[in-house]
Amino acid sequence: MIRRSIGRAVLWCTRWRIEGDPPATAKYVLIAAPHTTNWDLLYLLAMSFATGVRISWLGKDTLFRGPVGTVLRGLGGVPVARDQRSGLVSSLAREFANADRLVVVVPPEGTRGRTDHWRTGFYRVACAADVPIVCSYLDYSRRIGGFGPVIEPSGDIAADLPLFQEFYADKQGKYPDQQSVIALRPADPSGVASPG
């Protein structure tokens, strides 16, 4: 009850609104896009508090040092070492298998800066865990954030990508020029697509 009140107060004070309802499903990967600023985390947390959705979110391990780390963990933060991410997909799949309820936030851009593709970790986690992907967003042009469609991954990300492109086409981050292109990682010169 206190968390919900805090979330609503933050949104009211910053003039943000929530659109859409959280899905009824107990376990899913929640993608957060566009991601162009550290402010995104504040609004994401406020919206999760206000809607009662308890989230776990991934952050670089350097953020979790000292007393700040304790606070971030209490807010659902999970430290990830950027140089040791090879087992992350299988680790998260195990967490989903062992949990009754779990919502893991994975920003597909993977960074606040502009890139020419989305990373595919969110999709690989959802497939490995056999859970749906829920689109969430922060649209700074309207000061609205919320929940979009629930997407059951087919296992073919290239086939599913247009669903994400269509949904996020009109969503604007705080810094639109920093928004990443919703595309797969370009193929290398040999013609083989690089892993995302």
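The values are calculated or read from the model by the stated rules, or taken from the named source; none is laboratory data. Given the structure is predicted, the values throughout are model-derived calculations rather than measurements. So basically every Cβ, Gly included, is an ideal-geometry build from the backbone, and we count neighbours across all protein chains shown. All accessible areas refer to the heavy atoms of the entire protein, side chains included, with ligands and DNA or RNA removed. Shrake-Rupley method; radii C 1.70, N 1.55, O 1.52, S 1.80 Å.
Odds and ends about this structure:
- Across the stretch 133-168, the number of residues qualifying as out of contact with any Cys (no Cβ under 7 Å at 6 or more places or on another chain), closer than 14 Å to Val29 by Cα and surrounded by fewer than 17 Cβ atoms within 10 Å (Cβ to Cβ) comes to 2.
- Only residues that are crowded, with 16+ Cβ neighbours inside 10 Å and either touching a helix residue (DSSP H, G or I) at 6+ places or on another chain (Cβ under 7 Å) or modelled with pLDDT under 95 (or both) were counted in the stretch 24-34, giving 6.
- Flag if Leu11 is in contact with a helix residue (DSSP H, G or I) (Cβ under 8 Å, 6 or more places away or on another chain) and either open to solvent by less than 80 Å² (accessible area, probe 1.4 Å) or without any contact (Cβ under 8 Å) to a residue 60 or more places away in the chain (or both): yes
- Candidates Trp39, Trp16 - the one that is buried (at least 18 other Cβ atoms within 10 Å of the Cβ), out of contact with any His (no Cβ under 8 Å at 6 or more places or on another chain), modelled with pLDDT of 90 or more and farther than 29 Å from Asp130 by Cβ: Trp16
- Qualifying residue in the stretch 45-63 (condition: touching a Phe, Trp or Tyr at 6+ places or on another chain (Cβ under 9 Å) and open to solvent by 50 Å² or more (accessible area, probe 1.4 Å)): no
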